[in-house]
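Visitor: One structure, pasted below without further comment.
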Amino acid sequence: HRHLLGIEHLSQSDITAILDLAETYVDLNRQSAKHSDVLSGLTQINMFFENSTRTQASFEIAGKRLGADVMNMAMQASSIKKGETLIDTAMTLNAMHPDLLVVRHPHSGAVDLLAQKVNCAVLNAGDGKHEHPTQALLDALTIRRAKGRLHRLNIAICGDVAHSRVARSNLILLGKMENRIRLIGPPTLVPDHFAEFGAEIYDDMNEGLRDVDVVMMLRLQKERMDGGFIPSEREYYHRYGLDAAKLALAKPDAIVMHPGPMNRGVEIDGTLADDINRSVIQEQVEMGVAVRMAAMELLARNLREVA
Ligand code: CP
């Protein structure tokens, strides 16, 4: 592959190859000396047109640990503010010969469009409600490490599915790896058409969570509910927030996931999110660095073969 734009373009064996390489980086990242030279001589530019903590920091750390020259474009201070378009911005940076462009954008499809205009490898760091492929890959690695496999698991994805690129990329990845997926949430946030992904839809947490191996909570994304129905946080937490009582319906060894950032007391109880016996939220963040190192290494190998 030339780019990493979405899970929809990856096969089962592509996914396994990324996760297997990422495993080697989990070990490297736990050492005191964390350096490798596999991206040495390459230039990585991170362009985040939407806020980020985890994705931006981990792509920067991943590039630096692999020896790339990494530049973070401060989009708020760029000529975008003077009216320069996304494509003109991308073409301008392209003329400086970067090798890897990491892009987050609020509009679905914007990263694919940009990838058609530049000569370097593009990694999608989240585009609107469309895809967030490295998030799904880091979630997959976390699940595989916790459960010992990434197939034939019962996985519940709960909450604001409608506005979530994380849910979409996970639905595609976990479906390709032959898991059984349940989507749980109010019909306004889990529309029927999501059944097209092969998932079962529930609007009752007490039914949907029964005997699942993995509970993946999603952030209520109020910033994407422009003009639509915004649920009251109290009511939402009561019906759809994950707490110990609801989790007790899942398998006794079910893990709790959340991509972050979390709304404590809205979609998840804060104490449960911090319970290291059940929650793998911090491990998800750790896996994010390893998965991004692996994804960039595989794209860089391809760049070198083409050159
Ligand atoms: N999970 C995730 O994408 O977090 P950020 O928005 O902080 O990058």
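Visitor: Is it the case that ASP27 is open to solvent by 30 Å² or more (accessible area, probe 1.4 Å), away from the ligand (no atom under 11 Å from the Cβ) and closer than 19 Å to ASN302 by Cα?
Guide: no
Visitor: All but one of (1) in a helix (DSSP H, G or I); (2) free of Cβ contacts under 8 Å to residues at least 60 places away in the same chain; (3) of a type outside the set (Ser, Thr, Tyr); (4) more than 17 Å from GLY288 (Cα to Cα) hold for ASP37; which doesn't?
Guide: With respect to (1) in a helix (DSSP H, G or I); (2) free of Cβ contacts under 8 Å to residues at least 60 places away in the same chain; (3) of a type outside the set (Ser, Thr, Tyr); (4) more than 17 Å from GLY288 (Cα to Cα), ASP37 is out only on (1).
Visitor: Using the structure shown, decide if GLU283 is within 16 Å of the ligand (Cβ to nearest atom) and in contact with a helix residue (DSSP H, G or I) (Cβ under 6 Å, 6 or more places away or on another chain).
Guide: Judged against the criteria, GLU283 is a match.
Visitor: Under the condition of being of a type in the set (A, V, I, L, M) and open to solvent by 80 Å² or more (accessible area, probe 1.4 Å), which residue from region 72-101 is nearest to GLU297 (Cα to Cα)?
Guide: The qualifying residue nearest to GLU297 (Cα to Cα) is MET96.
Visitor: Is it the case, given these coordinates, that SER58 is under 22 Å from the mean Cα position of the chain (by Cα), polar (S, T, N, Q) and either assigned to a strand (DSSP E or B) or within 16 Å of the ligand (Cβ to nearest atom) (or both)?
Guide: Yes: the conditions hold for SER58.
Visitor: With GLY265, GLY260, GLY288 as the choices, which residue is in contact (Cβ under 8 Å) with a residue 40 or more places away in the chain, on the phi > 0 side of the Ramachandran plot and out of contact with any His (no Cβ under 6 Å at 6 or more places or on another chain)?
Guide: Details: GLY265 fails: in contact (Cβ under 8 Å) with a residue 40 or more places away in the chain; GLY288 fails: on the phi > 0 side of the Ramachandran plot.
Just one listed residue meets the conditions, GLY260.
Visitor: What's the number of the condition ILE80 fails, among (1) away from the ligand (no atom under 16 Å from the Cβ); (2) assigned to a helix (DSSP H, G or I); (3) touching a Lys or Arg at 6+ places or on another chain (Cβ under 8 Å)?
Guide: (3)
Visitor: Counting only residues that are modelled with pLDDT of 95 or more and in contact with an Asp or Glu (Cβ under 8 Å, 6 or more places away or on another chain), which one in region 64-91 is farthest from LEU28 (Cα to Cα)?
Guide: Per the stated criteria, the residue is ASN72.
For every residue, the table says whether it meets (1) farther than 25 Å from LYS64 by Cβ; (2) hydroxyl-bearing (Ser, Thr, Tyr); (3) within 13 Å of the ligand (Cβ to nearest atom).
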{"position": "GLU267", "(1), (2), (3)": "yes, no, no"}
{"position": "ALA273", "(1), (2), (3)": "yes, no, no"}
{"position": "SER279", "(1), (2), (3)": "yes, yes, no"}
{"position": "ALA295", "(1), (2), (3)": "no, no, no"}
{"position": "ALA300", "(1), (2), (3)": "no, no, no"}
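Visitor: When residues of region 121-149 are filtered for being surrounded by fewer than 22 Cβ atoms within 10 Å (Cβ to Cβ) and in a loop (DSSP other than H, G, I, E, B), how many remain? So that I can check it myself, show each step before the final result.
Guide: Restricting attention to region 121-149, the residues satisfying the condition of being surrounded by fewer than 22 Cβ atoms within 10 Å (Cβ to Cβ) are 128-130, 144-149.
Filter once more, keeping what is in a loop (DSSP other than H, G, I, E, B): 128-130, 148-149.
Number satisfying all stated conditions: 5.
Visitor: Given the conditions (1) within 16 Å of the ligand (Cβ to nearest atom); (2) of a type outside the set (Val, Ile, Thr); (3) open to solvent by less than 50 Å² (accessible area, probe 1.4 Å); (4) touching a residue at least 60 places away in the same chain (Cβ under 8 Å), which single one is not true for MET47?
Guide: Every condition holds for MET47 apart from (4).
Visitor: Checking the conditions here, which among VAL38, VAL70 is in contact with a strand residue (DSSP E or B) (Cβ under 8 Å, 6 or more places away or on another chain) and more than 22 Å from HIS130 (Cβ to Cβ)?
Guide: Unique residue meeting the criteria: VAL70.
Visitor: So, in region 150-195, exactly how many residues are under 18 Å from the mean Cα position of the chain (by Cα) and part of a helix (DSSP H, G or I)?
Guide: The total comes to 12.
The values are calculated or read from the model by the stated rules, or taken from the named source; none is laboratory data. The shown structure was predicted, so the numbers you read here are calculated from the model rather than taken from an experiment. When we count neighbours, we look across all protein chains shown, and the Cβ atoms used for this are built from the backbone with ideal geometry, even at glycine. Only protein heavy atoms, including side chains, enter the accessible area calculation; ligands, DNA and RNA are left aside. Shrake-Rupley method; radii C 1.70, N 1.55, O 1.52, S 1.80 Å.
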